[in-house]
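Student: Here it is, the structure in full.
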Amino acid sequence: MTLELYGHRFSSYTQKALIAFYENETPFDFMDLEEPANNAALERLWPMKRFPILVDGERTILEATGVIEHLAAVRPGPVALVPGDAAAAVEVRMLDRVFDNYVGTPQGDIVVNAIRPAEARDAYGEAQSRAMLETAYAWLDQRMASRQWACGEAFTMADCAAAPHLFYADWTHRIADRFAALKAYRARLLARPSFARCVDDARPHRSYFPLGAPQRD
């Protein structure tokens, strides 16, 4: 049965899931949320209306991490995004959460704050989000000084998370030149064919970015 992935190509979490499909050339139908009918179907499947979600027959899988874990479990391919070794898998899952919670979340909070009416914006909250990004950048820079990918030499689910989150984080709160190892890692992610495809497919939607999408990427 054909897999159906509901998402939006400009969404960082949708891109996280798409990278997993592209890495293993897993066939699927993309249920683009630019289409009203797909939005209505999404709401029926998941009232929170958060995405991506995956429909695999009778199963509905929520959240990008869940989608990637499901693919690794039931539709595995040559690229093992979740290692079979239990200890290695723990590290991958840990870094997946680091990128989601300490890069993706503060970056998203800054963007949401920019969308609010001026009188409703939270300057203190935005400052906290920017401080969290700075702390995450420093920690990740030290880590990536001796690594090709987030968990070593193999591209994993952690890198699926890192790619879109660092991509948009640099647009939102620029990664300083002093974080040279992190900037080099972001460049490697951009050069990865699976993520480069996501970036190119999302280019028509760059006007959606409320802070102004730079043209450097």
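The values are calculated or read from the model by the stated rules, or taken from the named source; none is laboratory data. On a predicted model such as this, the values are computed, not experimentally measured, just so you know. Cβ: placed from backbone, ideal geometry, glycine included. Neighbour counts: every protein chain shown.
Student: Just to be sure before I move on: is Asp96 in a helix (DSSP H, G or I), touching a His at 6+ places or on another chain (Cβ under 8 Å), charged (D, E, K, R) and in the same structural domain as Asp170 (by TED's automatic domain parsing) in the structure I sent?
Tutor: No; evaluated as a whole, the condition is false for this residue.
Student: Something else: Could you count how many residues in region 197-208 are among the aromatic types (Phe, Trp, Tyr) and crowded, with 16+ Cβ neighbours inside 10 Å?
Tutor: The number of residues fulfilling the criteria is 0.
Student: Can Tyr102 be described as aromatic (Phe, Trp, Tyr), in a helix (DSSP H, G or I), without any contact (Cβ under 8 Å) to a residue 24 or more places away in the chain and surrounded by fewer than 21 Cβ atoms within 10 Å (Cβ to Cβ)?
Tutor: no
Student: State whether the residues of region 50-71 include one that is under 22 Å from Phe10 (Cα atoms), surrounded by fewer than 12 Cβ atoms within 10 Å (Cβ to Cβ) and among the hydrophobic types (A, V, I, L, M, F, W, C).
Tutor: Taking every residue of region 50-71 in turn, none turns out to be under 22 Å from Phe10 (Cα atoms), surrounded by fewer than 12 Cβ atoms within 10 Å (Cβ to Cβ) and among the hydrophobic types (A, V, I, L, M, F, W, C).
Student: Considering only residues that are hydrophobic (A, V, I, L, M, F, W, C) and surrounded by 24 or more Cβ atoms within 10 Å (Cβ to Cβ), which ones fall in region 159-178?
Tutor: Cys160, Ala161, Ala162, Ala163, Leu166, Ala169, listed by residue number.
Student: What's the number of the only condition in (1) surrounded by 16 or more Cβ atoms within 10 Å (Cβ to Cβ); (2) more than 26 Å from Glu69 (Cβ to Cβ); (3) hydroxyl-bearing (Ser, Thr, Tyr) that Ser194 fails to meet?
Tutor: (2)
Student: For Ala158, state whether it is touching a residue at least 12 places away in the same chain (Cβ under 8 Å), in contact with a helix residue (DSSP H, G or I) (Cβ under 9 Å, 6 or more places away or on another chain), under 27 Å from Ala86 (Cα atoms) and part of a helix (DSSP H, G or I).
Tutor: yes
Student: Against the definition (modelled with pLDDT of 95 or more, over 24 Å from Asp200 (Cα atoms), surrounded by 18 or more Cβ atoms within 10 Å (Cβ to Cβ) and out of contact with any Pro (no Cβ under 7 Å at 6 or more places or on another chain)), how does Val90 come out, yes or no?
Tutor: The answer is no for Val90.
Student: If I filter region 175-198 down to residues being assigned to a helix (DSSP H, G or I) and touching a Leu at 6+ places or on another chain (Cβ under 7 Å), which single residue comes out as nearest to Ile115 (Cα to Cα)?
Tutor: The residue in question is Cys198.
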